[in-house]
Amino acid sequence: MSIRTRRFTFLLTLDLYFWIFILTDFLAAALQLTSTSDVEANFSAAEEQIELAARRGVDFVGLPENFAFIGDDNERIEKASSLAEKCSRFLVTMARRYQIVLLGGGFPVPADNNQRTLLRAELVGRDGELLGRYDKIHLFDVDLPEGNTYRESETIVSGSKPPSVIDVPGLCKIGLSICYDVRFPELYRHLVDQGAELFMIPAAFTAFTGKDHWQVLLQARAIENTAYVVAPAQTGIHYYRRQSHGHAMVIDPWGTVLADAGLHQGAAIAPVDPSRVKGVRSQMPSIKHRKPDLF
């Protein structure tokens, strides 16, 4: 083999490794909104952020919990039937229009003879196909020290099935969850056991709990499972005393915060590299070291 041939072969090999490296990466965006009871305004605000993310070359976009409606519970129940259809159509339209994989992080779906609703997340592919869905399992029934009381179970039905992992071509293996789920690590162990490399945690975390718990919980789920976390969020004041924490984030498998949207509407955008999941799990194989038979 001549020197020229060897040099060409060497350069071709380098070029191949370069493209393999590049193609393992994709950009993920965790959007941040301040949703209200005005559904059309919420859709417009969401599309504005989706378009901005798409212009930056984002492949995967997540919308927060309650992206289409935050308001009076009775109004949500009354609108649930039409709103569920509108949300599903909106996700399909946005995914096709901007050629992205899109998660609608939670919207109401009629349940319990239209007396309550489910809270459903749907993952939609670039061609508008439904890749997967999940109904929120853990419901936020708490009395906070600052005076606010939340009773999701009064108007929301708990999902009856654990989330599944969705293997999205060109991206990675994605596990779905919603907001309050983040406090229940067994859900994420379930997802990791199914091969999850990235957790979606769309939320409308309260300002009071968020300041102390939001980032800590997200990093904990990333570190203990050596997985990416993409966490879209609500931010600001929605109505009366309802205020969300903000800080939509993308976190890597080592627990490093790659992007934080702060307090304003916008997006946390960062690259996700599935090969980094494998690398971290090789260096820190804590998942393999589990001893579930002892507990």
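The values are calculated or read from the model by the stated rules, or taken from the named source; none is laboratory data. It should be emphasised that the depicted structure is a prediction, and the values quoted were computed from it without experimental measurement. We place every Cβ from the backbone using ideal geometry, glycine too, and count neighbours over all the protein chains shown.
At-a-glance table
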read-out: Residues being more than 21 Å from Asp181 (Cβ to Cβ) and either assigned to a strand (DSSP E or B) or of a type in the set (D, E, K, R) (or both) - total across region 65-124; value: 10
read-out: Subset of region 206-253 [over 18 Å from Pro64 (Cα atoms) and among the aliphatic types (A, V, I, L, M)]; value: Val216, Ala220, Ala222, Ile223, Ala227
read-out: Some residue of region 180-190 being at pLDDT 95 or above and within 22 Å of Leu263 (Cβ to Cβ); value: yes
read-out: The listed residue being among the aliphatic types (A, V, I, L, M) and modelled with pLDDT under 95, out of Leu176, Leu119, Leu130, Leu144; value: Leu144
read-out: Any hit, region 65-80, residues being in contact with a His (Cβ under 6 Å, 6 or more places away or on another chain) and closer than 24 Å to Phe199 by Cβ; value: yes
read-out: Output for region 246-266, where each listed residue is in a loop (DSSP other than H, G, I, E, B), touching a strand residue (DSSP E or B) at 6+ places or on another chain (Cβ under 8 Å) and on the phi < 0 side of the Ramachandran plot; value: Ala248, Asp252, Pro253, Ala261, Leu263, His264, Gln265
read-out: Residue within region 149-164 that is in contact with a helix residue (DSSP H, G or I) (Cβ under 8 Å, 6 or more places away or on another chain) and within 17 Å of Val101 (Cβ to Cβ) present; value: yes
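Results for (1) surrounded by 14 or more Cβ atoms within 10 Å (Cβ to Cβ); (2) at pLDDT below 95; (3) on the phi > 0 side of the Ramachandran plot, shown as yes or no for each residue.
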site: Ile22; (1), (2), (3): no, yes, no
site: Ser37; (1), (2), (3): yes, no, no
site: Ala53; (1), (2), (3): yes, no, no
site: Pro64; (1), (2), (3): yes, no, no
site: Lys86; (1), (2), (3): yes, no, no
site: Leu91; (1), (2), (3): yes, no, no
site: Gln99; (1), (2), (3): no, no, yes
site: Gly104; (1), (2), (3): yes, no, no
site: Pro110; (1), (2), (3): yes, no, no
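Every residue, every condition in (1) of a type in the set (Gly, Ala, Ser); (2) within 30 Å of Lys278 (Cα to Cα), yes or no:
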{"site": "Phe199", "(1), (2)": "no, yes"}
{"site": "Ala203", "(1), (2)": "yes, yes"}
{"site": "Thr209", "(1), (2)": "no, no"}
{"site": "Gln219", "(1), (2)": "no, yes"}
{"site": "Ile237", "(1), (2)": "no, no"}
